[in-house]
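Structure record follows, encoded as structure tokens.
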Amino acid sequence: MTTRSAAPRGSAIPLDLLIAGEWVTTPDSFPVVNPASGATIAAPTSGGVEHALRALSAAHAAQESWANWPPRARADLMHRAHRLLLDREELIVETMTLESGKPLSESRGEFALSAAFFLWFAEQVAHLRGSYAEGSNGGYRVIVGHRPVGPSYLVTPWNFPLLMSARKAGAALGAGCTVVMKTARDTPLTQALFAQVLHDAGFPAGVVNLIHTRETSEVSGAIMADARLRKVSFTGSTEVGALLLSQAAPGVVNSAMELGGDGPFIVLEDADVDLAVREAILCKFRNAGQACVAANRIILHREIAEEFTQKFVAAAAALNVGDGFDPGSEVGPLISARQRNRVVALLERFTQVGGRVLLGGAPVAGDGFFFEPTIVEFHEERHKFSNEELFAPVAALYTVDSAAAALRLANDTPYGLAAYLFTSNISRAITLGERLEFGMVGLNRGIMADPAAPFGGTKTSGLGREAGQGGIYEFLEPHYMALNIDTEGALA
Ligand code: NAD
């Protein structure tokens, strides 16, 4: 296995904070590690509470002017940023692989999707809707438009650093909100390159601000407690999301939460098993399983369980684990040693409750934080760890005897992000699909993210939706004006 430890064209990556249109440094920094080698690749500037509040002040100061840009002018600027983003694909893709470990092909896929999301919002800006109606009792008119919510705090995780940033920033900026983006500690470089694209495209000073920090709770707490903040949009764990919601409560800050998942992947006895296996491999092992929408529980109808399991194990065993820069790499490392240790402990718990390891089960020896593609089969429908978010290249297989049992098991979770259903029967697809208590259901598909679709979950998986037809409205508030008119006088 070969590894790369130096940053690609390293000097081109900004390492500082972006505040009020200036790149700002501090004496403090933190290391960013290449998870494929364990080597430090960069040491971005770490901001403190003072920098975070300066960034929020800049966002607050720029808010009124940015909100009043004509929609077409905002759209044009976003289109310019989109073109600049495309020009910088190579550097961004390589940087993403370097700091997150994902194979280059996956970084390229994430890049394309991120650009598509940003473009989607650029296209929506000039098409915002309003309405005009007669008041219920006549005599006045109901004029409804939308106003930007206001300065927004965007907090993103490390697993899809560009996609999460582009989706949130696209919606916020398009809606006319100014932003403070807080990067994830493990992947700040990709997000810095994205902020640089926005800066270079010409967003006015203060509209886009970027903070890296190693003092996450202090910095974030200070922003959340400041009355100038009007919106928090978070993607990450349910635990941190709940903390942010509690911090949002006193100031009644508008909150959008994309949180954890426990995705069931159901394969019924009438499914195309080969298709289900192909999609399960993508859904489970993409990003080394570190995806909120990954298949967390693979639920098989007993009639096809053996065939699926045998084909799935063979396909997973053929996956090429390696440094994301190796052309054949299909599964990269976990993000950190901490995550790898967590997965080792998870496997111990799984075997304690009766899980049978059919493939893998151990870290890969050598440098980096690689873990073998792993498949564990359970003979019980449930066990006490079955709702734990795996976030690893570990597939857990469960067997049931009927479609009704599959549905019951699938819904038996506090989460409600993504579910998958494989069947060749349209009535079953619709009936079960409608009853799956998840924000998104893949019917004979293992990958669903699309700018045209509302992304998000129910229950403890979150609040609100990103993208789709209504996506930009997450950063807008309806604004109603009642206008008195004198109809008789007008005709006099
Ligand atoms: P995390 O919650 O630990 O971190 C996410 C972000 O929150 C990071 O920027 C982190 O620095 C920040 N953070 C951590 N502690 C904080 C605090 N006290 N105050 C404010 N911010 C804080 O999650 P993670 O490990 O980076 O990502 C994995 C989790 O994200 C998984 O649960 C996964 O399901 C979820 N996720 C959800 C989606 C979705 O769209 N629903 C997408 C990707 C990841």
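The values are calculated or read from the model by the stated rules, or taken from the named source; none is laboratory data. Bear in mind the structure is a predicted one, so any value in this text is a computation, not a measurement. We place every Cβ from the backbone using ideal geometry, glycine too, and count neighbours over all the protein chains shown. Note: areas computed on protein heavy atoms with side chains; ligands, DNA, RNA excluded. Shrake-Rupley method; radii C 1.70, N 1.55, O 1.52, S 1.80 Å.
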*Taking into account only those residues within segment 281-327 that are more than 16 Å from the ligand (Cβ to nearest atom) and of a type in the set (K, R), which is farthest from the chain's Cα centre (by Cα)?*
R302
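Among the listed residues A453, A418, A482, A429, identify the single one that is more than 30 Å from A175 (Cβ to Cβ) and either outside the structural domain of W66 (by TED's automatic domain parsing) or open to solvent by 30 Å² or more (accessible area, probe 1.4 Å) (or both). I'd like the intermediate steps shown before the answer.
Values: A453 fails: more than 30 Å from A175 (Cβ to Cβ); A418 fails: more than 30 Å from A175 (Cβ to Cβ); A482 fails: more than 30 Å from A175 (Cβ to Cβ).
Residue meeting the stated conditions: A429.
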_Need pairs with beta-carbon distance below 6 Å; first residue away from the ligand (no atom under 16 Å from the Cβ) and within segment 376-389, second in a loop (DSSP other than H, G, I, E, B); sequence gap 6+ or separate chains._
V376/G355; F378/G355; H383/V353
*What tally of residues in segment 452-461 results from selecting those that are within 14 Å of the ligand (Cβ to nearest atom) and not in a strand (DSSP E or B)?*
6
*Filtered residue count, segment 37-57, keeping only those that are open to solvent by 20 Å² or more (accessible area, probe 1.4 Å), out of contact with any Phe, Trp or Tyr (no Cβ under 8 Å at 6 or more places or on another chain) and not hydrophobic (A, V, I, L, M, F, W, C)*: 6
*Collect the residues in segment 328-366 that are in contact (Cβ under 8 Å) with a residue 60 or more places away in the chain, open to solvent by 50 Å² or more (accessible area, probe 1.4 Å) and under 28 Å from the mean Cα position of the chain (by Cα), keeping them in residue-number order.*
E330
*Restricting segment 236-254 to residues that are open to solvent by 30 Å² or more (accessible area, probe 1.4 Å) and under 20 Å from the mean Cα position of the chain (by Cα), which is farthest from the ligand (Cβ to nearest atom)?*
N254
*asked:* Out of the strands (runs of 3 or more DSSP E) lying entirely within segment 197-291, which hold 2 or more residues that are within 30 Å of P478 (Cβ to Cβ)?
replied: 208-211, 231-235, 254-258
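For the condition of a type in the set (S, T, Y) and within 9 Å of the ligand (Cβ to nearest atom), what is the one hit in S233, S217?
Numbers: S233 fails: within 9 Å of the ligand (Cβ to nearest atom).
Of S233, S217, the one residue that is of a type in the set (S, T, Y) and within 9 Å of the ligand (Cβ to nearest atom) is S217.
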*Could you identify the single residue in A222, A205, A184, A192 that is buried (at least 23 other Cβ atoms within 10 Å of the Cβ), within 25 Å of S29 (Cα to Cα) and more than 8 Å from the ligand (Cβ to nearest atom)?*
A192
